[in-house]
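Notes follow once the structure below has been shown.
The values are calculated or read from the model by the stated rules, or taken from the named source; none is laboratory data. The structure displayed is predicted, hence computed values, not measured ones. Glycine also receives a Cβ, built like all others from the backbone with ideal geometry; neighbour counts cover every protein chain displayed. Areas reflect the complete protein model, heavy atoms only, side chains present, ligands, DNA and RNA absent. Shrake-Rupley method; radii C 1.70, N 1.55, O 1.52, S 1.80 Å.
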Amino acid sequence: MRAPVNPSAKGQAGMSLVELLIGITLGLFITGAGITAFVVHLRESRSLIAQSRLMQDLRATTDLITRDLRRAGYWGDAAAGVWPRDPATGASGAASNPYSAMAVSRLPAPAVTFRFSRDAIENGSVDDNEQFGYRLRGGTLELQLSAGRWQALTDPNAMKVTRLDIAPTEQVVDLGDSCQVPCPVPSATCPPRLHVRSVTVTVAARSTTDAASERIVRSSVRLRNDEVTGSCPA
């Protein structure tokens with residue numbers, strides 16, 4: 001005896017192999033597009049984090065350099081470099097600031113060295129712990145803590161410093177009007193002159209985790225301790 005046929009089952013059929021393959025292909029395409037979008041978003045997020053960290057490290061480094069440079073030339077006995085050393089005789093010879101020297105070099109590596117006093121009672125001489133500087137060596141910025149002693153300032157595992165540029169500028173102000181006796185013949189030592197110094201610091205670096213992330217920071221600072229050279233005639 002034949003089994004009865006369900007009338008509702010007439011005309012129904014399963015998915016063909018072609019339809020199944022098309023469905024799988026579309027599913028893989030949509031999944032791949034989603035994965036690609038996620039990877040791109042993740043890459044951009046990592047790049048943004050690397051750029052933000054690089055910029056933060058560069059700014060912190062540049063701020064530290066400019067703060068130290070602002071102190072360059074500090075002398076606990078600065079009045080001796082302006083006023084006569086012997087008011088009783090009217091002698092006009094002024095003492096030289098032992099901390100005024102600042103040297104900028106580009107070879108063998110970009111560097112700047114300077115001094116400032118750390119004496120509780122000024123001794124008038126430059127001690128080992130009063131010599132400072134910054135230099136670029138092997139992609140790392142180094143800080144001079146004392147004579148001949150350097151320490152890494154930046155982390156080579158986080159960023160590679162590609163450029164350190166120290167550009168000093170100087171404005172010379174003639175102080176001849178302050179002399180009671182004018183100079184017989186103007187020279188390099190008469191009349192006295194005030195040297196107003198400024199420095200522009202440029203630091204560039206590249207992230208070690210993202211080679212495409214490279215940033216540059218530039219900052220200008222005026223040295224607070226002006227240098228006075230020359231003297232009035234006696």
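For this structure, a couple of remarks:
- Unmet criterion (only one of (1) in a strand (DSSP E or B); (2) more than 29 Å from GLU214 (Cβ to Cβ); (3) in contact with a helix residue (DSSP H, G or I) (Cβ under 6 Å, 6 or more places away or on another chain)) for PRO191: (1)
- Filtered residue count, the stretch 129-140, keeping only those that are surrounded by 19 or more Cβ atoms within 10 Å (Cβ to Cβ) and over 15 Å from LEU69 (Cα atoms): 1
- Residue match in the stretch 135-153 (condition: polar (S, T, N, Q), touching a Lys or Arg at 6+ places or on another chain (Cβ under 9 Å) and under 19 Å from SER96 (Cβ atoms)): no
- Among the residues listed as THR229, THR209, THR162, the single one being over 20 Å from ARG67 (Cβ atoms), of a type outside the set (Asp, Glu) and touching a Gly at 6+ places or on another chain (Cβ under 8 Å): THR162
- Close contacts from the stretch 36-52, counting a first residue that is touching a residue at least 40 places away in the same chain (Cβ under 8 Å) and a second that is of a type in the set (Val, Ile, Thr) and open to solvent by 60 Å² or more (accessible area, probe 1.4 Å), with Cβ to Cβ under 7 Å and a gap of 6+ residues or different chains, come to ALA50/THR209.
- Residue check: GLY81 meets all listed conditions (1) touching a Phe, Trp or Tyr at 6+ places or on another chain (Cβ under 8 Å); (2) small (Gly, Ala, Ser); (3) modelled with pLDDT of 80 or more; (4) more than 30 Å from THR140 (Cα to Cα) but one, namely (3).
- When each of VAL126, VAL173, VAL112 is tested for being of a type in the set (Val, Ile, Thr), at pLDDT 90 or above and part of a strand (DSSP E or B), the lone residue that passes is VAL112.
- Qualifying residue in the stretch 153-167 (condition: open to solvent by less than 60 Å² (accessible area, probe 1.4 Å), assigned to a loop (DSSP other than H, G, I, E, B), over 23 Å from SER105 (Cα atoms) and touching a strand residue (DSSP E or B) at 6+ places or on another chain (Cβ under 8 Å)): yes
- Condition check for GLN144: closer than 26 Å to SER125 by Cα and either open to solvent by less than 30 Å² (accessible area, probe 1.4 Å) or in a loop (DSSP other than H, G, I, E, B) (or both): yes
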